[in-house]
Amino acid sequence: MAASIPRSRCLLTSSTLKAVPRSRTPLRSFATTSDTPQTSVPEAPGKRSRPPTSFSDTLNAGPSFGDFVNPNAPLSPAEAYEIKTVQVGPEGRKKTITRLPEWLRTPIPSNANQNYKQIKKDLRGLNLATVCEEARCPNISDCWGGSSKSAATATIMLMGDTCTRGCRFCAVKTSKAPPPLDPHEPENTAEALRRWGLGYVVITVVDRDDLADSGAHHIAETIMKIKQKNPTQLVELLGGDYGGNLEMAKVVARSGVDVFAHNIETTERLTPFVRDRRAKFRQSLDVLRSAKEARPELITKTSMMLGLGETDEDLWHALRELRANDVDVVTFGQYMRPTKRHMAVHDYVTPDKFELWRQRALDMGFLYCASGPLVRSSYKAGEAFIENVLKKRRLGSTAGKSDVAELSAAEEVGKAF
């Protein structure tokens, strides 16, 4: 009986044969050597098949690498606004980060750019700080790496790199007792600006509540030295509130500065939650008004961040208060969280809404309004326009409707950068 069973089936008993269906040949192949020829394609020698994993399945089902890096498929404002967060990291240790909309992405700074490299070298050699670096400005690659030497600029920060205040939105270092003022800083700042050969420069400061005059005389000395080295140099100062001492604000206003800027940062309702407790909305308005009273021809300017939870009524109220205090220029920009230690972004405002508020500000009578997601206090289109106005005033012409008529041309200059 055993001799009549084929050799390939000698390992199976009759009971086993009854249990295994004839049609399931792949199962039999583990225990038998089939007499029939193979119909499947043999694997290539040396190539081992791997069992599928959840990771490879996810990759195969998702977008290709080409889709991922394709720059020609930006998200629409509506799509980008919906995707606020994204999960990153290995399985089990994922964390949620905020995903920036398309309109907030900027190039990474590179030392390969000669303008960027030269400005960085000058600043380090003269021991100067910039708000571009300290406040982590998203426009640093554009400003420092301008298309030409005259287009490249940096906003120098006076009185060191450490502030005595701790606003919830700001990345500048803070301390109750920062280092003493550098007596050589006014001369070094004037020398750096002389080297760059710019027609319009912006200087900002940290708050120094540890000083009796909040640093007002140090700032005034710096501006006067800049004017001594280059009398035609146009200077915009973005200053603090001088602890509410309006006489110190007037000292700076009379120093020869061309544009006196002080940021209210946000609306009156949100000020206690956004700014340091020593910074007050009404106090900021008083500083701007005092500068105008000291020099009526002085251009006054302020900036506000959007995306902090403000309402339309909050913004209308702020704009009305600014106009009531004779503020000439206002800018709107998107708040971007510097680190996780700072207050979170409430929402990303779309470019269309920024444009809407720009038009509203102009309709209210502001001389100029720069409004956009990446607009900051120092904004090149605004600088080009203000420079135009100041030069006309020096030539004796009046600033008014004719200045506003040049707005479009000035914005085209800004877009060129």
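Throughout, read-outs are computed from the coordinates displayed, never taken from laboratory work. Quick caveat, the model's predicted, so the values are computed rather than measured. Neighbour counts run over all protein chains shown; Cβ positions are idealised from the backbone, glycine included.
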Net charge of neighbours whose Cβ lies under 13 Å from the Cβ of ALA216, counting Lys and Arg as +1 and Asp and Glu as -1: -3
Contact order relative to length of region 140-289, as percent, for alpha carbon pairs under 8 angstrom and 6 or more apart: 22
Cα gyration tensor category, rounded, prolate or oblate, for region 172-249 with a/c compared to 1.5: prolate
Two-site FRET efficiency, ARG295 against LYS340, from Cβ-Cβ distance with R₀ of 51 Å, rounded to 0.05: 0.75
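Assuming 0.36 nm per residue, please report the length gained on full extension of the stretch ARG254 to GLU313 beyond their Cα-Cα distance. The partial results should precede the final answer.
On the way: separation 59, 0.36 × 59 = 21.24 nm, distance 3.52 nm.
Additional length available on full extension: 17.7 nm.
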Net +/- balance of residues flanking GLU247 in space, Cβ distance below 12 Å, scoring K and R +1, D and E -1: -1
Spin-label pair HIS217/ARG93, simplified geometry with 7 Å Cα→Cβ offset, distance in nm: 5.6
Cut-off under 5 Å, modelled amide H: who pairs with ASP210 long-range: none
For THR155, distant residues with modelled amide H under 5 Å away: VAL131, CYS132
Spin-label zone in region 205-219 - amide nitrogen under 15 Å from a point set 7 Å from the Cα of GLU247 along the C-beta vector: 212-217
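Subtract the Cα-Cα distance of ARG195 and LYS391 from 0.36 nm times their separation in residues, and report this length gain in nm to one decimal.
On the way: separation 196, 0.36 × 196 = 70.56 nm, distance 2.16 nm.
Residue separation times 0.36 nm, minus the Cα-Cα distance, leaves 68.4 nm.
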Listed residue pairs exceeding 31 Å between alpha carbons, taken from LYS176/LYS391; LYS227/LYS340; LYS250/LYS392; LYS229/LYS353: LYS176/LYS391; LYS227/LYS340; LYS229/LYS353
